[in-house]
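Reading through the structure tokens given below for one structure.
The values are calculated or read from the model by the stated rules, or taken from the named source; none is laboratory data. This one's a predicted model, so the numbers in the text were calculated from it and none came from an experiment. Glycine also receives a Cβ, built like all others from the backbone with ideal geometry; neighbour counts cover every protein chain displayed. For accessibility, only protein heavy atoms count, side chains too; no ligands or nucleic acids. Shrake-Rupley method; radii C 1.70, N 1.55, O 1.52, S 1.80 Å.
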There are 2 protein chains.
Amino acid sequence: MTTSDRKEIVENIEYLIKENNRAAVRSIIIDTHPADLAEIIQELDDDDRDFVFSLLDAETASEVVTELDDVTREDIVSDLEMARLSEIVDEMDSDDAADVVKELPEHIAEQVLSNIEPQDRAEVEQLLDYPEDYAGGIMALEFIAVYDDQTVDDAIREIRRRAKEVEDIFNVYAIDRNERLVGVVPIQSLLIRDPKRLIRNIMNLDVISVTVDTDQEDVAKIVRKYDLAAIPVVGPDNRLVGRITIDDIVDVLHEEANEDIQRMAGITDEEILQESSTIRISRNRIPWLFISFVGELGSAMVLDHFHATMTQLLISAFFIPVIMATGGNAGIQSSTIVVRSLALMEGGASGLWRRVIRELRVAVLNGFIIGSLLFAVITIWKHDPAFGLVGGTAIFLVMINSAAFGALVPYVLNKMNIDPAIATGPFITTANDIFGLLIYLGTATLYLHYYA
Amino acid sequence: MTTSDRKEIVENIEYLIKENNRAAVRSIIIDTHPADLAEIIQELDDDDRDFVFSLLDAETASEVVTELDDVTREDIVSDLEMARLSEIVDEMDSDDAADVVKELPEHIAEQVLSNIEPQDRAEVEQLLDYPEDYAGGIMALEFIAVYDDQTVDDAIREIRRRAKEVEDIFNVYAIDRNERLVGVVPIQSLLIRDPKRLIRNIMNLDVISVTVDTDQEDVAKIVRKYDLAAIPVVGPDNRLVGRITIDDIVDVLHEEANEDIQRMAGITDEEILQESSTIRISRNRIPWLFISFVGELGSAMVLDHFHATMTQLLISAFFIPVIMATGGNAGIQSSTIVVRSLALMEGGASGLWRRVIRELRVAVLNGFIIGSLLFAVITIWKHDPAFGLVGGTAIFLVMINSAAFGALVPYVLNKMNIDPAIATGPFITTANDIFGLLIYLGTATLYLHYYA
């Protein structure tokens, strides 16, 4: 569905609701994929969205809720009556149900859990015990497992028995009689192999799995590296407890990239793109503005310290922005590449010096080019080749300093178990500004002292 | 395999090569997954890497080549003899083979193509005709399709026939006798349904597909939205021509996120993290440094224009960095959120004003907080509440201006079909610096003129 298709449907629905034509709205809904319905509902206003949602059967509603963004989901769920909410949660896969229940106020969550089937309740409660952002917190309990002494035919029977409940069966997992994960059989093998063969004799022994306490980012790296469609999750003693499918991994990759990008821009926690509360957005953004503000008071002190130089050589003030900005950009380029390397390549300290030296080489080259340009500009514009030399040399040194700092800081933060992504934001820029001004005005002062 | 496991294996291999113990190296290799081998090879030096690679059988070598980063792949492939290279390419899936052949010098590519099986050659040549970064350029020609008037049993037979060639069969596609895509059957349905039933009667008619000329970013959005494990690709007249599996989509998502992040940092094209050529890195990074440099000469002109103000009121120079930096950061926060919204939510101009107003509200609140702080700092530090009022008012206005600019520019670029990600880089920072200085020194000049 394209954006313009969606816009048309949204407009049609808005019109039909105004006309009170419930049947026509219902007929649009029936023809629309739940993922599209979720997008449509997100674009409707509060009353229309509750109305459309009320027309959905429980199964569709459960799929739509799973696809909604967090803000809209909270809105809709908080307006639902208990019976309806319980019915919807009951239709969900265990992992989605746990995600919804987790966000509910405690007394409502308890009521919902007591309303759903006891088996589902036990599953959701089990999942709620695992921390978010770890394999245990994103896995589902719906998967197909058979004992390794069962046959291919037994596995097919098991799939048939649970067909309605387990979607996207990419693999059947083989466990021993102690429930320990011992192998994996791709579903297509079941079609090809003799039904009487033992699972043990056809399974792949090199089964890649994660434990419930594996960080979701590491799970995503493993799935990506080994090109998996699903990964089994084991608990203590290698006992099979759950499965994470690729669609959830894609969401993790997405979330992590978004978080990294936002963090690089100096936004503390991931800001939901649909967030509309000014206070919440402000609270999330002000910490780094504050840090930058305090840091730049350091710059003000540097300038105060060099006020004699600036008074005698007012021209030096004119080039403060170009030196701060170009140095800052060189630093951000370096830190971004190092942050990405740390995030993607699991690069330890082994590559540190090679990386820093590479960044320094680039900074020397780019600094020389930009420095020569600044020399030329000052010489031509201000007819002052001597000060041109001061400016050119200073920007050259500032760029090298910024690049070195930009390359080193992420490693230091990583060592301290702080997300290095914050290094590319206001933090490094502010530090580079202070050092940059010290280098620039220091050079200008030396020049005044000895040559002017 | 953890980073420390890998490091140990790398060290063992380096030692064994020095000892000339080929058998021991080979036995390590046999036990290691190709994806891990690729990582190990990336950490070895040139000679060791060629040696280890030479020990791999053609099938493993083909899998390793597929997993290598671009720089290492180019290195290794360029050292291979024609016969060996052809043998390796012959083992690959069509899409991976096309990726490798595409990077070869033309005369070598032709030789390789003439060495591999005619059927494979035709497939690779077909794929090479599609532009990169589109569905046609990332699809594979390995998939299972059956006519909709065939039976479940026929489909199982087809899977059995092509089992060695097609991996990860998540779905069987149903085509009519004109090769047009008409339906999809999840592989698990084949296990459950009566073998004599017609595909037509069990297939899902709502098959989600893309065309060969769909941008890979849009393909990824669709796969993510509908939680697919693979998506069929159709040519003219809805004829089924290929399939893209989720592992390739994960790579696309990854590449796009990486590209966005780097672009936001002012890096022109995606810089490969293993890139080691100073010249190539420099060339990729200098354009935005240059743009920022030229832009900041604008800042220098602004300062030059206000030199009288700065001479009379030297204190005004001290707060240039804090105003530039805090305003710049507020602008980057706004533009990052807008860029992400445009990238992820297909949000058209419809949400533009709502978004800009939201950013302005946040800027007013955060600007007021930071402005009050600056007023307090100048009053306490410089005992100058009047100039404190000037500084506080200016930073308040600058932050609002930057946020508005940060929110608007990405929309404008998007409209002009320019990637809005570049807006968060040096571009917006530079523009914000110039406007910021105009606002700040303009305010200071008005103050001097009327009140001082």
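Results for (1) hydrophobic (A, V, I, L, M, F, W, C); (2) assigned to a helix (DSSP H, G or I); (3) more than 30 Å from A:Leu352 (Cβ to Cβ), shown as yes or no for each residue.
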position	(1), (2), (3)
B:Ala23	yes, yes, yes
B:Arg26	no, yes, yes
B:Ile29	yes, yes, no
B:Asp36	no, yes, no
B:Ser78	no, yes, no
B:Leu85	yes, yes, yes
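So is A:Asp70 acidic (Asp, Glu) and buried (at least 17 other Cβ atoms within 10 Å of the Cβ) or not?
On the way: acidic (Asp, Glu): yes; buried (at least 17 other Cβ atoms within 10 Å of the Cβ): no.
For A:Asp70, the condition - acidic (Asp, Glu) and buried (at least 17 other Cβ atoms within 10 Å of the Cβ) - is not met.
Could you give me the residue pairs with C-beta distances under 7 Å whose first residue belongs to segment A:1-28 and is within 14 Å of chain B (Cβ to nearest Cβ), whose second residue is open to solvent by 70 Å² or more (accessible area, probe 1.4 Å) and not basic (Lys, Arg) wherever it lies, and which are 6+ apart or on separate chains?
A:Val10/A:Glu43
Output the number of residues of segment A:73-99 satisfying the condition of being open to solvent by less than 20 Å² (accessible area, probe 1.4 Å) and either of a type in the set (Gly, Ala, Ser) or in contact with a strand residue (DSSP E or B) (Cβ under 9 Å, 6 or more places away or on another chain) (or both).
5
Could you pull out the residue among B:Asp69, B:Asp79, B:Asp75 that is under 21 Å from the mean Cα position of the chain (by Cα) and within 28 Å of B:Glu270 (Cβ to Cβ)? Let's see the steps before the verdict.
Working: B:Asp79 fails: under 21 Å from the mean Cα position of the chain (by Cα); B:Asp75 fails: under 21 Å from the mean Cα position of the chain (by Cα).
Among B:Asp69, B:Asp79, B:Asp75, only B:Asp69 is under 21 Å from the mean Cα position of the chain (by Cα) and within 28 Å of B:Glu270 (Cβ to Cβ).
Suppose the filter is touching a strand residue (DSSP E or B) at 6+ places or on another chain (Cβ under 9 Å), among the β-branched types (Val, Ile, Thr) and crowded, with 16+ Cβ neighbours inside 10 Å; does B:Val124 pass it?
no
Among (1) farther than 30 Å from B:Gln262 by Cβ; (2) of a type outside the set (A, V, I, L, M); (3) open to solvent by 30 Å² or more (accessible area, probe 1.4 Å), where does B:Phe435 come up short?
(1)
Where in segment B:236-348 are the helices (runs of 4 or more DSSP H), entirely inside, with at least 3 residues that are more than 8 Å from chain A (Cβ to nearest Cβ)?
Details: elements: B:246-264, B:278-305, B:307-312, B:315-318, B:320-345.
Ranges flagged: B:246-264, B:278-305, B:307-312, B:320-345.
Quick check on my filter: what residues within segment A:36-89 are within 24 Å of A:Glu110 (Cα to Cα), among the acidic types (Asp, Glu) and touching a helix residue (DSSP H, G or I) at 6+ places or on another chain (Cβ under 6 Å)?
Let us first name the residues in segment A:36-89 that are within 24 Å of A:Glu110 (Cα to Cα), namely A:50, A:53-54, A:57-89.
Add one more test, that the residue is among the acidic types (Asp, Glu), and what stays is A:50, A:57, A:59, A:63, A:67, A:69-70, A:74-75, A:79, A:81, A:87.
Correct list: A:Asp50, A:Glu59, A:Glu63, A:Glu67, A:Asp79, A:Glu87.
So for segment A:416-426 (the condition being among the β-branched types (Val, Ile, Thr), more than 25 Å from A:Phe368 (Cα to Cα), assigned to a helix (DSSP H, G or I) and in contact (Cβ under 8 Å) with a residue 40 or more places away in the chain), does at least one residue qualify? Break it down into steps so the answer makes sense when it comes.
Let us first name the residues in segment A:416-426 that are among the β-branched types (Val, Ile, Thr), namely A:418, A:422, A:424.
Going one step further and asking which of them are more than 25 Å from A:Phe368 (Cα to Cα), we end up with A:418, A:422.
Restricting the remaining residues to those that are assigned to a helix (DSSP H, G or I) gives A:422.
Add one more test, that the residue is in contact (Cβ under 8 Å) with a residue 40 or more places away in the chain, and what stays is A:422.
Yes; the residues of segment A:416-426 include at least one that is among the β-branched types (Val, Ile, Thr), more than 25 Å from A:Phe368 (Cα to Cα), assigned to a helix (DSSP H, G or I) and in contact (Cβ under 8 Å) with a residue 40 or more places away in the chain.
I'd like the full set of residues that are out of contact with any Ser or Thr (no Cβ under 9 Å at 6 or more places or on another chain) and over 20 Å from A:Ile369 (Cβ atoms), limited to segment B:290-309.
B:Met301, B:Val302, B:Leu303, B:Asp304, B:His305, B:His307
Name every residue in segment B:207-235 that is assigned to a loop (DSSP other than H, G, I, E, B) and not charged (D, E, K, R), in order of residue number. Please lay out each step first, then the result.
Initially, segment B:207-235 is screened for residues assigned to a loop (DSSP other than H, G, I, E, B), giving B:207-209, B:212-214, B:226-229, B:235.
B:Val207, B:Ile208, B:Ser209, B:Val212, B:Thr214, B:Tyr226, B:Leu228, B:Ala229, B:Gly235 - these are the residues of segment B:207-235 that are assigned to a loop (DSSP other than H, G, I, E, B) and not charged (D, E, K, R).
Of all residues in segment B:207-224, which are open to solvent by 30 Å² or more (accessible area, probe 1.4 Å), in contact with a strand residue (DSSP E or B) (Cβ under 7 Å, 6 or more places away or on another chain) and not acidic (Asp, Glu)?
Initially, segment B:207-224 is screened for residues open to solvent by 30 Å² or more (accessible area, probe 1.4 Å), giving B:207-209, B:211, B:213, B:215, B:217-218, B:221-222, B:224.
Keeping just the survivors that are in contact with a strand residue (DSSP E or B) (Cβ under 7 Å, 6 or more places away or on another chain) gives B:207-209, B:211, B:213, B:215, B:222.
Listed by number, the residues that qualify are B:Val207, B:Ile208, B:Ser209, B:Thr211, B:Ile222.
Please count how many residues of segment A:319-333 are free of Cβ contacts under 8 Å to residues at least 24 places away in the same chain and open to solvent by 10 Å² or more (accessible area, probe 1.4 Å). Walk me through how you get there before you give the answer.
First, pick out the residues of segment A:319-333 that are free of Cβ contacts under 8 Å to residues at least 24 places away in the same chain: A:321, A:325, A:329.
Of the ones still in play, those that are also open to solvent by 10 Å² or more (accessible area, probe 1.4 Å) are A:325, A:329.
The qualifying residues number 2.
I'm trying to understand the selection: among the residues of segment B:403-427, which are open to solvent by less than 60 Å² (accessible area, probe 1.4 Å) and within 11 Å of chain A (Cβ to nearest Cβ)?
Of everything in segment B:403-427, those that are open to solvent by less than 60 Å² (accessible area, probe 1.4 Å) and within 11 Å of chain A (Cβ to nearest Cβ) turn out to be B:Ala403, B:Gly406, B:Ala421, B:Thr424, B:Gly425, B:Pro426.
Identify all residues within segment B:353-399 that are open to solvent by less than 50 Å² (accessible area, probe 1.4 Å) and under 34 Å from the mean Cα position of the chain (by Cα); write none if there are none.
Scanning segment B:353-399 gives B:Arg355, B:Val356, B:Arg358, B:Glu359, B:Val362, B:Ala363, B:Asn366, B:Gly367, B:Val398, B:Met399.
Quick check, is B:Leu44 more than 27 Å from B:Ile138 (Cβ to Cβ), surrounded by 14 or more Cβ atoms within 10 Å (Cβ to Cβ) and free of Cβ contacts under 8 Å to residues at least 24 places away in the same chain? Before you say what the answer is, go through the steps one by one.
On the way: more than 27 Å from B:Ile138 (Cβ to Cβ): yes; surrounded by 14 or more Cβ atoms within 10 Å (Cβ to Cβ): yes; free of Cβ contacts under 8 Å to residues at least 24 places away in the same chain: no.
Criteria not met by B:Leu44.
Take B:Asp227 and decide whether it is open to solvent by 20 Å² or more (accessible area, probe 1.4 Å) and either among the β-branched types (Val, Ile, Thr) or more than 8 Å from chain A (Cβ to nearest Cβ) (or both). Reasoning before the result, please.
On the way: open to solvent by 20 Å² or more (accessible area, probe 1.4 Å): yes; either among the β-branched types (Val, Ile, Thr) or more than 8 Å from chain A (Cβ to nearest Cβ) (or both): no.
The answer is no for B:Asp227.
Applying the selection to segment B:153-182, what residues are within 33 Å of the chain's Cα centre (by Cα), open to solvent by less than 30 Å² (accessible area, probe 1.4 Å) and among the small types (Gly, Ala, Ser)?
Within segment B:153-182, B:Ala174 is the sole residue that qualifies.
This table checks each residue for (1) over 21 Å from A:Phe387 (Cα atoms); (2) within 37 Å of the chain's Cα centre (by Cα).
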position	(1), (2)
A:Phe405	yes, yes
A:Asn414	yes, yes
A:Ile422	yes, yes
A:Thr430	yes, yes
A:Leu437	no, yes
A:Tyr440	no, no
A:Tyr451	no, no
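Please work out which residue is nearest to the other protein chains (Cβ to nearest Cβ), limiting yourself to segment A:114-165 and to residues that are within 23 Å of B:Ala230 (Cα to Cα) and at pLDDT below 90.
The qualifying residue nearest to the other protein chains (Cβ to nearest Cβ) is A:Ala163.
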